[in-house]
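Worksheet: the structure to be examined is printed underneath.
The values are calculated or read from the model by the stated rules, or taken from the named source; none is laboratory data. Please read these numbers as outputs of a predicted model, since none were measured by experiment. Every residue, glycine among them, receives a Cβ derived from its backbone with ideal geometry; neighbour counts consider all protein chains shown. SASA here: full protein model, heavy atoms, side chains in, ligands and nucleic acids out. Shrake-Rupley method; radii C 1.70, N 1.55, O 1.52, S 1.80 Å.
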Amino acid sequence: MRFLVGVALLLAGCAPKIEEVKTNVTFAEDVHSYAKPAEARVLHSELDLKVDFEKKILEGSVVHKIDGKGRIVLDTKDLHIDKVEASADGQKFDSARFALGQTDKILGAPLEVTLPEGTKFIKITYATSPSAVALQWLEASQTAGKKSPYLYTQGQPIYTRSWIPLQDSPGIRITYRARIHTQPNFFALMSANNDQRTSVPSGDYSFDMTQPIPPYLIALAVGELQFRMIGARTGVYTEKAMLDASAKEFEDLDQMVSEAERLYGTYRWDRHDVLVLPPSFPIGGMENPRLTFATPTILAGDKSLVSLISHELAHSWSGNLVTNATWSDFWLNEGFTVYVERRIQEQLYGKQRSEMEFAIEIAELKAEMAKLEPKDQHLFVNLKGRDPEEGVTLVPYVKGALMLRAIEEEVGREKWDGFIRGYFEKFAFTSITTAMFESYLKEKLPELKLNVKEWIYQPGLPASTPKIDAYLLKVVDDQLASWKKGEALDTKEWVAQQWLHFLRGLPQDLTVAQMTKLDQEFKFTQSKNSELLDAWLLLSVRNKYAPAQAALENFLSRVGRQKFIKPLYAEMAKTPEGKVKAKALFAKNKANYHPISAAAVEALFAK
Ligand code: BES
Ligand code: ZN
């Protein structure tokens, strides 16, 4: 008997809890979705999709379990809708009336389905378009293994609608299941429960996400992937060629999860694995639940860039558990996440490193803010009529984290950590607005003096902005001063962030002789650290340093991470001759970029 109880407890400990989708919610108005959740909403979705690498499309169906009557409105983008059916029991489906509305460039087109009396399920049979913005289809030649093609998705902020017709608003949470069919030698992974760690590839995969998540967190990757365990509940998936390097770089992953839990409460998503994508991945990382997607450009060999992994892990609380209700509230996701990221980094690598990383982010924030219109310097940004990507600046990230740090400094760490734990607990598995955060803060910390409204609804950095004291960067500032006087440098034991600070602290305009001397001494053109190489290439373009040209072209042909490639193309395009060259390079590389990155570079040339 005792044995049985033990087993039951063990099972209860492993099995993820099935969370009810809350039905008594009110929905904030989301200007980036056509959905009318107050009339009818999706509660649960079941996907059945075939991955067609030849035609570069996903084809199949989705069944939505719904709540509501009359009609239901879904979001779509570039989808081919074959038919729509309705059902009262989920078994017997009859064809239903539907209409696809006008296409908006940013939002796509609404799909309105008329619901016969008693409808509880609708089934949509559809296919994606080869140009679906969420999907990148890589040819075998564009992968590390060179043998099989590769597909992966990027849903945030409003791209999921280009591969699934659904209510694509972060305020509308759903659970999902999926069947994915592909060639037998490929693995498919999703942001859900999956047993791919142990199974042999079969070409037929099932997934189950039992906790309600916003649609932007539905993710899929298909390719020749392998798994390596890191800790009991963590591991890494990637192509064979990157497996050793990835497992080594992320060897602290299990410990990161434990430290985060100790700070902010139980990790609620069962496993925490990382998928390392091909270098074309358009962003640094994406917090898909249970399966973070990450760029391989953080594989520096010395763990110097793993704060990105802490960041995506932090989203397991801020973002995935408690979600921004609309993209105007994005700072609730990212500001909290940068704050928690800092705390995890501090636990693992010490205060000095964490503060140094924060100081670098703050310097980046200030540089970016100088170019932003005042209205885009608010934490809460009005995005009506705009692409939500326009709200993705360092303001929600770093200004957001700075405000939370200011609160910590006023009320003390212990009290503030208690607040955050309570906040994650109280709003777990819900989507909330900035106003809801404000009133919760007032309720729990009535004594707070900080002018929160100023932070949220005014431009710039308030006078209450905390000062971040990064000793390790002061060391670099001293050396920069020496360099300017032509003195020899003492750079022994510098870590990556110090080098980065050094490169960014050099004068913008350098002579070729100065560039040559720096390169001979410090071998920047050969750097294996993507952040350093990027900073150096930027300087090289600006100062026409020809010996870095080959490295620049190589970098741009492999890497699709927008953070790197946008500034490089922009710097090239500053002169008329440079712009011609940049466009030619881009034309050559475009097929290697995810549609999101390609569009971002094209937008830059149009300026
Ligand atoms: N959730 C974001 C990525 C994102 C934001 C995608 C908005 C699309 C729209 C992710 O957590 C993130 O912030 N990634 C950063 C890295 C991080 C360390 C700052 C990135 O990709 O650069
Ligand atoms: Zn983030």
Subset of segment 138-157, residues away from ligand 2 (no atom under 16 Å from the Cβ) and surrounded by 23 or more Cβ atoms within 10 Å (Cβ to Cβ), comes to Tyr150, Tyr152, Thr153
Of the criteria (1) farther than 30 Å from Ile213 by Cα; (2) in contact (Cβ under 8 Å) with a residue 40 or more places away in the chain, which one Glu487 fails
(2)
Where in segment 390-463 are there helices (runs of 4 or more DSSP H), lying wholly inside it, with at least 3 residues that are under 28 Å from Lys366 (Cβ atoms) and open to solvent by 50 Å² or more (accessible area, probe 1.4 Å)?
452-457
Only one residue in Pro547, Pro595 is touching a Ser or Thr at 6+ places or on another chain (Cβ under 9 Å) and either surrounded by fewer than 17 Cβ atoms within 10 Å (Cβ to Cβ) or among the charged types (D, E, K, R) (or both). Which one?
Pro547
Are there any pairs, at least 6 apart or on different chains, whose C-beta atoms fall under 8 Å, with the first in segment 44-68 and within 23 Å of His594 (Cβ to Cβ) and the second among the basic types (Lys, Arg) and surrounded by fewer than 19 Cβ atoms within 10 Å (Cβ to Cβ), and if so, which?
Leu47/Arg177; Leu47/Arg179; Leu49/Arg179; Leu58/Lys50; Glu59/Lys50; Gly60/Lys50
Within segment 69-102, track down each residue that is touching a residue at least 24 places away in the same chain (Cβ under 8 Å), over 15 Å from Thr128 (Cα atoms) and open to solvent by 90 Å² or more (accessible area, probe 1.4 Å).
Lys69
Qualifying positions in segment 51-66 - in a strand (DSSP E or B), open to solvent by less than 30 Å² (accessible area, probe 1.4 Å) and in contact with a Leu (Cβ under 8 Å, 6 or more places away or on another chain)
Val51, Asp52, Leu58, Gly60, Ser61, Val62, His64, Ile66
How many of the residues in segment 72-99 are part of a strand (DSSP E or B) and charged (D, E, K, R)?
5
Please find, among Glu487, Glu571, Glu531, the residue that is more than 16 Å from ligand 2 (Cβ to nearest atom), of a type in the set (Asp, Glu) and open to solvent by 40 Å² or more (accessible area, probe 1.4 Å).
Glu487
Would you mind listing the helices (runs of 4 or more DSSP H) fully within segment 537-607 where at least 3 residues are polar (S, T, N, Q)?
549-558
Run down Glu312, Glu334, Glu287 and say which single residue is within 14 Å of ligand 2 (Cβ to nearest atom) and in contact with a His (Cβ under 7 Å, 6 or more places away or on another chain).
Glu287
Strands (runs of 3 or more DSSP E) wholly inside segment 265-359 that include at least 2 residues being more than 12 Å from ligand 1 (Cβ to nearest atom)
272-276
